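The values are calculated or read from the model by the stated rules, or taken from the named source; none is laboratory data. Keep in mind it's a predicted model, so treat the numbers as computed, not measured. Here the Cβ positions follow ideal geometry from the backbone for every residue, glycine too, while neighbour counts run over all protein chains shown.
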């Protein structure tokens, strides 16, 4: 039976609540403007499009409040840290922050479309009202005196208006056009292909959000939407039909006042949080970082060991690194590979792009001679930030699945499990760790192998070897001669021929279905945390398998967690 | 991260512009505002440019990601030679077609979107980019033959092609 509750339900509940709030805000605002007497005359000018415009504006306010929050790294880290006691299923939602950011952005796009569409109608109808010459209430309303502290209702004042020109005479019109263009640019440059292939483009264009937010706040500053303020002297039900005799004692001329711009109230708190979040990042980047050691590993990987004052990390966390001499704008995320108990912190960097190549050059990875630490490049470090992997200890069984370089987040996890294991007094709820490493070639093992060997030795020494189980899958990278040699060695030795570990290397890709079947039988009734770092296609397969093999009657549960950057 | 191919962004921006323009056109027509004929024009313009922009070009480096079912349109675009493949032509074209939309309130956003698109295309043209069709892998007819693995997995000696003695001697 497929168990949806474990992995899917919490997310859908969060999304459901958010949708519900959106619906309520839209509905109540819509009804308020549809039935409110103070908007009666405005409605008689522009019709129901007023309600649509205001409803969507209210939802835009709400979503603008939310959209900055999921991208505050420090805030999310803080919540994750303080929420240790709150339910795990809730905390896991924090890993999906970017997904929520996207959903909120979609909602903003939808409401922007509604808002603009409705305002087109409003504007055209207001312009049309100015041109009506006959005995119509709209004609009367459009000609209300301009002077008396803004007691007009039709913002278009010229007698034969061109709506296009009128649009650019208003603050709301200009800011509206500008911020919509900003939004469109942000949307078009954050499609998957741009994000994946030209990240810088996405990153730089996304910064028009600054213009977007400023424009958003001053959009309503001109107070174009006027409501009636003298309803007690000028009741709608009596006076509306007698518009020709307005100005007498019975029905004085209706007075109007613009409603105060409220958008800034919604944006203020999240904008402050966002600002503090980024400032904190900037300040923590200023603190001195000393590179203590650079280690060159096989297959174009190098390791940087660093020290920084007051730096504390939990297993599985990542840091952002910036190197001013390469680029002052680029911050790159790297997973920490050192354990919390180490006196340094380290990252493993694979040389694949311009930036990593340049950093390798600066750190003199290729040169053999010794270099003084003071000659190392200056780097800035922000973090550490938490990821899903932090929760490894909270499950009964942990299944860590890494593809290629995706093994790095688990390095520090394994290290810290080992150090906690060694402290006899500590009891771990974690009973068993499975490590699946799918790797393309043999050379890639070497830098991680040392750690695994160490771990294995320690575990055997403490008689805990059953706790950690490696499964290494080699998918490519051997020739036929090697293949035979491996096989021959395999038969003779208790150690694996490739890695030198107790547990033998598998060749080819793992059959995940069998793996999960076995796991679910071995650990019946236990909660298993599956942690994955690797390509998306495999992530989907694993996610589905987790759902399929979770069983609510037997309480065997697979919690799926994915590392994402 | 490699060099930025501006045409890729221009293409995405063009697709978004198409949707914006069509939406604007629909609003203008449904509202029956003054000059609603421009709305009809905007819808047509949106559809035509959507057809031009739908097939994604080949990336200079790395894997290209064709859109679903873009193959037929892709042939059409590559047949158009300079007219459809040169980005400078697109820059001029989009700038020109966006002009009529400036005269009507609802379509003005669409016009501005097209102007941004054309500017990005100008950058792409200056950087010397050009639309290249993505080659389609020819589908093989007949029964599918799974190729023999080039690197045999390590198996027991008796399974592998050569006999066990030979291997032993190899090892020595």
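Using the structure shown, decide if residue A:324 is closer than 30 Å to residue A:214 by Cα and surrounded by fewer than 16 Cβ atoms within 10 Å (Cβ to Cβ).
Answer is yes for this residue.
If you go through segment A:114-140, how many residues are assigned to a helix (DSSP H, G or I) and modelled with pLDDT under 80?
4
When you go through B:110, B:39 one by one, which is the residue that is within 14 Å of another protein chain (Cβ to nearest Cβ), part of a helix (DSSP H, G or I), over 22 Å from residue A:182 (Cα atoms) and touching a helix residue (DSSP H, G or I) at 6+ places or on another chain (Cβ under 6 Å)?
Only one candidate passes the filter, namely B:39.
Just for helices (runs of 4 or more DSSP H) wholly inside segment A:147-265: which have at least 2 residues that are closer than 30 Å to residue B:8 by Cβ and at pLDDT 85 or above?
By residue number, A:171-188, A:192-197, A:199-205, A:209-218.
The conditions are (1) at pLDDT 75 or above; (2) in contact with a helix residue (DSSP H, G or I) (Cβ under 9 Å, 6 or more places away or on another chain); (3) more than 24 Å from residue A:301 (Cα to Cα), and residue A:420 fails exactly one of them. Which is it?
(1)
If you check residue A:391 against the conditions, is it in a helix (DSSP H, G or I) and within 28 Å of residue A:72 (Cβ to Cβ)?
Here the answer is yes, as residue A:391 does meet what is asked.
When you check residue A:293 against the structure, is it assigned to a loop (DSSP other than H, G, I, E, B) and either away from every other protein chain (no Cβ under 14 Å) or in contact with a helix residue (DSSP H, G or I) (Cβ under 9 Å, 6 or more places away or on another chain) (or both), yes or no?
In short, no.
Return the residue satisfying two criteria in turn: it lies in segment B:1-23 and is closer than 29 Å to residue A:161 by Cα and facing chain A (nearest Cβ under 8 Å), and of such residues it is surrounded by the most Cβ atoms within 10 Å (Cβ to Cβ).
Per the stated criteria, the residue is B:17.
Which of the residues that make up segment A:537-553 are under 16 Å from residue A:509 (Cβ atoms) and without any contact (Cβ under 8 Å) to a residue 12 or more places away in the chain?
Across segment A:537-553, the qualifying residues are A:537, A:540.
Could you say whether any residue in segment A:116-129 is at negative phi, facing another protein chain (nearest Cβ under 7 Å), under 30 Å from the mean Cα position of the chain (by Cα) and surrounded by fewer than 18 Cβ atoms within 10 Å (Cβ to Cβ)?
Within segment A:116-129 (the criterion being at negative phi, facing another protein chain (nearest Cβ under 7 Å), under 30 Å from the mean Cα position of the chain (by Cα) and surrounded by fewer than 18 Cβ atoms within 10 Å (Cβ to Cβ)), the answer is no, since none of the residues qualifies.
Could you check how many residues of segment A:52-78 are without any contact (Cβ under 8 Å) to a residue 40 or more places away in the chain and surrounded by 17 or more Cβ atoms within 10 Å (Cβ to Cβ)?
Residues meeting the conditions: 2.
Quick test for you: out of B:87, B:114, B:94, B:121, pick the one residue that is surrounded by 22 or more Cβ atoms within 10 Å (Cβ to Cβ) and in contact with a strand residue (DSSP E or B) (Cβ under 8 Å, 6 or more places away or on another chain).
Residue meeting the stated conditions: B:87.
Can residue B:50 be described as surrounded by fewer than 18 Cβ atoms within 10 Å (Cβ to Cβ) and within 12 Å of chain A (Cβ to nearest Cβ)?
No; evaluated as a whole, the condition is false for this residue.
Table: residues versus (1) closer than 20 Å to residue A:265 by Cα; (2) under 25 Å from the mean Cα position of the chain (by Cα).
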site: A:5; (1), (2): no, yes
site: A:34; (1), (2): no, no
site: A:49; (1), (2): no, no
site: A:60; (1), (2): yes, yes
site: A:66; (1), (2): yes, yes
site: A:79; (1), (2): no, yes
site: A:106; (1), (2): no, yes
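Residue check: is residue B:26 assigned to a helix (DSSP H, G or I), more than 8 Å from chain A (Cβ to nearest Cβ) and over 12 Å from the mean Cα position of the chain (by Cα)?
Here the answer is yes, as residue B:26 does meet what is asked.
How many residues are assigned to a loop (DSSP other than H, G, I, E, B) and exposed (fewer than 15 other Cβ atoms within 10 Å of the Cβ) when one looks only at segment A:518-563?
Of the residues in that region, 7 qualify.
Yes/no per residue for (1) modelled with pLDDT under 90; (2) more than 14 Å from chain A (Cβ to nearest Cβ); (3) touching a helix residue (DSSP H, G or I) at 6+ places or on another chain (Cβ under 9 Å):
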{"residue": "B:35", "(1), (2), (3)": "yes, no, yes"}
{"residue": "B:56", "(1), (2), (3)": "yes, no, yes"}
{"residue": "B:60", "(1), (2), (3)": "yes, no, no"}
{"residue": "B:72", "(1), (2), (3)": "yes, yes, no"}
{"residue": "B:91", "(1), (2), (3)": "no, yes, yes"}
{"residue": "B:95", "(1), (2), (3)": "no, yes, yes"}
{"residue": "B:102", "(1), (2), (3)": "yes, no, yes"}
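Being farther than 25 Å from residue A:390 by Cβ and surrounded by 15 or more Cβ atoms within 10 Å (Cβ to Cβ) is the filter; apply it to segment A:271-291 and report the residue that is modelled with the highest pLDDT.
A:271
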